[in-house]
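Participant: Next up is a structure, given as structure tokens.
The values are calculated or read from the model by the stated rules, or taken from the named source; none is laboratory data. Computed from a predicted structure; not experimentally measured. In this analysis, Cβ positions are derived from the backbone assuming ideal geometry, glycine residues included, and neighbour counts consider all displayed protein chains. Keep in mind that these areas ignore ligands, DNA and RNA; they rest on the heavy atoms of the full protein, side chains included. Shrake-Rupley method; radii C 1.70, N 1.55, O 1.52, S 1.80 Å.
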Amino acid sequence: MKIARASVLLTVAASGAHAFTSSALPPLGRSSRAAATTASASSTASASTSTSLSVSKGDLAGAESMIDSILKEKNCGPVFVRLAWHDSGTYDVNIGEFPKAGGAIGSIRFSPEIDHGANAGLSGAVRLLEPVKEAYPGVSYADIYQMASARAIALAGGPVIDMRYGRVDASGPEDCSPEGNLPDAEAGPGGKFGGTSGTVPTEDVAVEWHLRKVFYRMGLGDEEIVALSGAHTFGRAYADRSGLGAEKTKFTDGRAAKLADGSTTTKYTPGGSSWVEDWLVFDNSYFTTVNDASTDAELLKLTSDKVLFKDAGFRPFAVKFASSQEDFFESYARAHKKLSELGSKFEPVE
């Protein structure tokens, strides 16, 4: 299996592996900062592919109910967040045209995209959601993936996202984005973050500018970069997916994990490293932990995390979100909604 160097999700973070809304920006430059998996899984998903669907509110409600049941049974919310973000995070605002620009179009279910190194482990999430598509074929894959992410956040105690549905699906592998559009959490062997293989080069020796090259390409700004990074409060990183994290820690070794309602569960697959102690709860603890030197040494603090409190453009937002969960939730909800609509083409919901 090909493993990403250290790909974070757009903020992403999710089930364990790293990963992380849209107006035109001027050409990216350092002066423009303020502007702004397996082939079998994909073949299974593509078997019932249709690109333009007429979806009803009843079907959407039914799909949501099924997704909620899966989330409550398997505690798999983080990987659903990662799946949705890696689908939408390929968007290039400079291309704009559907589906060539990428984004939240459901193309991640196809090979070669599902086989990209940054998407290691996500074929399982695609399979988990296939029964929802089978039960409600009028709901697009793109809608199902984005709905699963939003519901995961809400059920974990996070904000309820004002989601829009009716997305049109990518029609096949020809609609997949090139590899290399997602962000890195750590530098590669040459001391550089990112690369030149995506729709635009994102390579830089400074992680803050690598992140900006990735997120500005999507039409996102500094506040959204920091807010979306806060989703690392939810989930774990695994070495066999992102190339990061321990085999397990005292917080992920199978012992009871706290849920949003205050109860605990052992219904999860042990392993990986979390950013926070209560990694199945969505709150602002990522921001209170990253900049606190006294926190447990087994908690993950990556270069892309620590820079949020060092960079002059990022720091005011990171400090604000550490001080106020309400402010974090408000900013996060806006950024998540924007991210979930990147590149999407919408049909009316009946």
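Participant: Tell me, what HN-Hα J-couplings in whole Hz come from the Karplus equation 6.51 cos²θ - 1.76 cosθ + 1.60 at θ = phi - 60° for each residue of the stretch 121-134, using x for Gly and Pro?
Facilitator: x, 7, 4, x, 5, 4, 5, 4, 9, 4, x, 5, 5, 5
Participant: If you don't mind, another one. Can you tell me the length gained on complete extension of the stretch Ser56 to Thr288, counting 0.36 nm per residue apart and subtracting the Cα distance?
Facilitator: Taking 0.36 nm per residue and subtracting the Cα distance, the gain is 79.4 nm.
Participant: Also, I was wondering about something else. Rounded to the nearest 0.05, what FRET efficiency is calculated for Arg127 and Glu350 with R0 set to 25 Å and r the Cβ-Cβ distance?
Facilitator: In this case the efficiency is close to 0.30.
Participant: So how exposed is Val168, as accessible area in Å² (1.4 Å probe, rounded to 10)?
Facilitator: Here the residue's solvent-accessible area equals roughly 10 Å².
Participant: Output the pairs from Lys133/Lys250; Lys248/Lys320; Lys192/Lys320; Lys213/Lys310 with a Cα-Cα distance over 25 Å in this structure; if there are none, say none.
Facilitator: Over 25 Å apart, Cα to Cα: Lys133/Lys250; Lys248/Lys320; Lys192/Lys320.
Participant: Amide H to amide H, which residues 5 or more places from Arg167 or on other chains are under 5 Å from it, using H placed in the peptide plane?
Facilitator: HN-HN under 5 Å from Arg167: Asp143, Glu347.
Participant: Using per-residue counts of other Cβ atoms within 10 Å, averaged over each peptide, order 252-258, 87-93 from highest down.
Facilitator: Put in order of decreasing packing, that is 87-93, 252-258.
Participant: Under a straight-distance cross-link criterion of Cα-Cα below 17 Å, which lysines are reachable from Lys345, leaving out those fewer than 8 residues away in the same chain?
Facilitator: Qualifying lysines at Cα under 17 Å: Lys100, Lys337.
Participant: Which value, in Å² rounded to 10, gives the accessible area of Thr199 with a 1.4 Å probe and all protein chains present?
Facilitator: Here the residue's solvent-accessible area equals roughly 50 Å².
Participant: If you stretched the chain out fully between Glu97 and Asp162, how much longer would it get, using 0.36 nm times the residue separation minus the C-alpha to C-alpha distance?
Facilitator: Full extension from Glu97 to Asp162 adds 21.0 nm.
Participant: What does the extension gain come out to for Ser65 and Lys306, with contour length at 0.36 nm per residue minus their alpha carbon separation?
Facilitator: 83.0 nm
Participant: Spin-label point model (7 Å from Cα, Cβ direction): what's the Val205 to Lys248 distance in nm?
Facilitator: In this crude spin-label approximation the distance works out to 4.2 nm.
Participant: On to the next question. With a probe of 1.4 Å, find how much accessible area the stretch 75-206 has per residue, and write the answer as a whole number in Å².
Facilitator: 29 Å²
Participant: Can you sort Lys72, Lys213, Lys306, Lys133 by 1.4 Å-probe accessible area, starting with the largest?
Facilitator: These residues rank, largest area first, as Lys72, Lys306, Lys213, Lys133.
Participant: For a quick check: with amide H placed at 1.01 Å from N, whose amide H comes under 5 Å from Val55's, ignoring anything fewer than 5 positions away on the same chain?
Facilitator: Answer set, sorted by chain and number: Glu350.
Participant: Per residue of the stretch 223-235, what does 6.51 cos²θ - 1.76 cosθ + 1.60 with θ = phi - 60° give for ³J(HN,Hα)? Whole Hz please, x for Gly and Pro, Karplus curve as stated.
Facilitator: Listing the rounded values in order: 4, 5, 4, 5, 4, 5, 4, x, 5, 5, 5, 10, x Hz.
Participant: Hey, rough spin-label estimate for Asp240 and Lys72, points 7 angstrom out along Cα→Cβ, what's it come to in nanometres?
Facilitator: 3.1 nm
Participant: Starting from the stretch 205-299, pick out the GluC sites (Glu not before Pro) whose DSSP state is loop and whose Cβ has at most 13 other Cβ atoms within 10 Å.
Facilitator: Hits after loop and neighbour filter: Glu247.
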